[in-house]
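Data first, discussion second: the structure below is written as C-alpha cells.
The values are calculated or read from the model by the stated rules, or taken from the named source; none is laboratory data. Here the structure is a predicted model, which means the values were calculated and not measured. Cβ coordinates were reconstructed from backbone atoms using ideal geometry, including for glycine residues, and neighbour counts include every protein chain displayed.
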Amino acid sequence: MKEDILDSPNFNDNRNYNYSGFETAEREEYEVITEWITPNSSVIDLACGNGALLEKLREEKNIFGKGVELSDSGIEICKSKKFDVIKGSIDQKLPFSENEFDYAVCNVTLQMVMYPEVLLAEMKRIARYQIVSFPNFAYYKNRIDFVFNGKMPRPMLFGYHWYSTGHIHQLSIDDFYELVTNVGGLKISSQLFLPSKIKWKNFLMRVFPNWFQHIPIFLLEKIDAR
C-alpha cells in the first residue's frame, strides 16, 4: 500500500528535498538575513540546501561559510560552489567547537527537526549570534482555516497534507519566545518580517506579530557573549 501511494502522480511529499535544477533558487528571507550579517564574518548555515544563501553572503559580505545538509543533491551543489558542507542532522551535537562562528543561521527549518531545543542550544554553543526563521503556525489564515474546516490547516503547509510534510513541530511566535527562554543564555536582539507593499499589512505585522507575521525572522545573541 505504501508503495502504491508513493507511486501515485498525485502524491506530493516535501520530506526528501531534491535541489537538482534549483541550484540558484533563493528565498525572500535572504535579503533580511544578509542585512544582519557583518562583512568578513564566519557563518554556518544549518540545513543550507543548495547553498544559495552562503553564495549570496560570500558575494555581498565576503563571509567565510560552512554548511550542514541532509540532502545529497544539496551537498553536491554546495560543493560545486566551493563550500565546505558536511552531511548530517542539525538537531544533534554538531562537529564544531564553541564560538567557532560569528553567526549560525537556520532558515525555515526549525519546524522540521525532531529536537528543536537541541538545535537552538547547539546554535548558541557554536556561534555568538543566531538567526532563525520559521513559518508562524498562528498566522491568521491558519486560524481561520482550522475554525471553518476543522482539520490541520494547509496554508502553512504550503499545500501539502499533514501526513506528507516534513513540518513535524509546528510553532507560533509565542512558542518560539518560550523556546528561547527555556534554552536559556540567549536574548532576542531583533525581529523582522517580510514586508508587504500594503502599508496597513505592515502595521498589523508590527503590532500583532503572532497573528499577522507569516514568516518571522529573529536575530539572537548570547547573553554571555563578549
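Per-residue answers, yes or no, for (1) part of a loop (DSSP other than H, G, I, E, B); (2) of a type in the set (S, T, N, Q):
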site	(1), (2)
Arg27	yes, no
Asn40	yes, yes
Leu53	no, no
Glu59	no, no
Glu76	no, no
Leu94	yes, no
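Take Asn182 and decide whether it is at negative phi, more than 19 Å from the chain's Cα centre (by Cα), of a type outside the set (Val, Ile, Thr) and at pLDDT 95 or above. Don't jump to the end; show me each part of the working.
Working: at negative phi: yes; more than 19 Å from the chain's Cα centre (by Cα): yes; of a type outside the set (Val, Ile, Thr): yes; at pLDDT 95 or above: yes.
Against the criterion (at negative phi, more than 19 Å from the chain's Cα centre (by Cα), of a type outside the set (Val, Ile, Thr) and at pLDDT 95 or above), Asn182 qualifies.
Quick check on the stretch 93-112: of everything there that is out of contact with any strand residue (DSSP E or B) (no Cβ under 9 Å at 6 or more places or on another chain) and within 14 Å of Val68 (Cβ to Cβ), which residue is surrounded by the most Cβ atoms within 10 Å (Cβ to Cβ)?
Let us first name the residues in the stretch 93-112 that are out of contact with any strand residue (DSSP E or B) (no Cβ under 9 Å at 6 or more places or on another chain), namely 93, 97-98, 112.
Restricting the remaining residues to those that are within 14 Å of Val68 (Cβ to Cβ) gives 93, 112.
Values: Lys93: 11, Met112: 23.
If we take residues in the stretch 93-112 being out of contact with any strand residue (DSSP E or B) (no Cβ under 9 Å at 6 or more places or on another chain) and within 14 Å of Val68 (Cβ to Cβ), then Met112 is surrounded by the most Cβ atoms within 10 Å (Cβ to Cβ).
What's the number of the condition Val118 fails, among (1) buried (at least 20 other Cβ atoms within 10 Å of the Cβ); (2) free of Cβ contacts under 8 Å to residues at least 40 places away in the same chain?
(1)
Quick check on the stretch 68-83. Is at least one of its residues under 27 Å from Pro195 (Cβ atoms), in contact (Cβ under 8 Å) with a residue 24 or more places away in the chain and touching a Ser or Thr at 6+ places or on another chain (Cβ under 9 Å)? Quick ask: steps written out before the conclusion?
Keep residues of the stretch 68-83 that are under 27 Å from Pro195 (Cβ atoms), which gives none.
No; the residues of the stretch 68-83 include none that is under 27 Å from Pro195 (Cβ atoms), in contact (Cβ under 8 Å) with a residue 24 or more places away in the chain and touching a Ser or Thr at 6+ places or on another chain (Cβ under 9 Å).
For residues that are in contact with a strand residue (DSSP E or B) (Cβ under 7 Å, 6 or more places away or on another chain) and among the charged types (D, E, K, R), tally how many sit in the stretch 113-126.
Selection size over the stretch 113-126: 1.
Considering only residues that are in contact with a Ser or Thr (Cβ under 8 Å, 6 or more places away or on another chain) and within 29 Å of Asn99 (Cβ to Cβ), look in the stretch 167-226 and name the one that is surrounded by the fewest Cβ atoms within 10 Å (Cβ to Cβ).
Glu221
Within the stretch 27-48, count every residue that is at pLDDT below 95 and within 14 Å of Lys79 (Cα to Cα).
Summing the residues that are at pLDDT below 95 and within 14 Å of Lys79 (Cα to Cα) in the stretch 27-48 gives 0.
Provide a single number: the residues in the stretch 142-176 that are within 20 Å of Leu192 (Cβ to Cβ) and either at pLDDT below 95 or acidic (Asp, Glu) (or both).
The initial filter retains those residues of the stretch 142-176 that are within 20 Å of Leu192 (Cβ to Cβ), namely 156, 171-176.
If we keep only those that are either at pLDDT below 95 or acidic (Asp, Glu) (or both) as well, we get 156, 174-175.
Adding up the residues that qualify gives 3.
Search the stretch 28-51 for residues that are more than 15 Å from Gly67 (Cβ to Cβ) and pair each with any residue that is of a type in the set (S, T, N, Q) when their beta-carbon atoms are under 6 Å apart and the residues are at least 6 apart or on different chains.
Glu29/Asn107; Glu29/Ser133; Pro39/Asn62; Asn40/Asn62
Can we say Asp91 is touching a residue at least 40 places away in the same chain (Cβ under 8 Å) and closer than 22 Å to Leu179 by Cα?
When the stated conditions are applied, Asp91 does not pass them.
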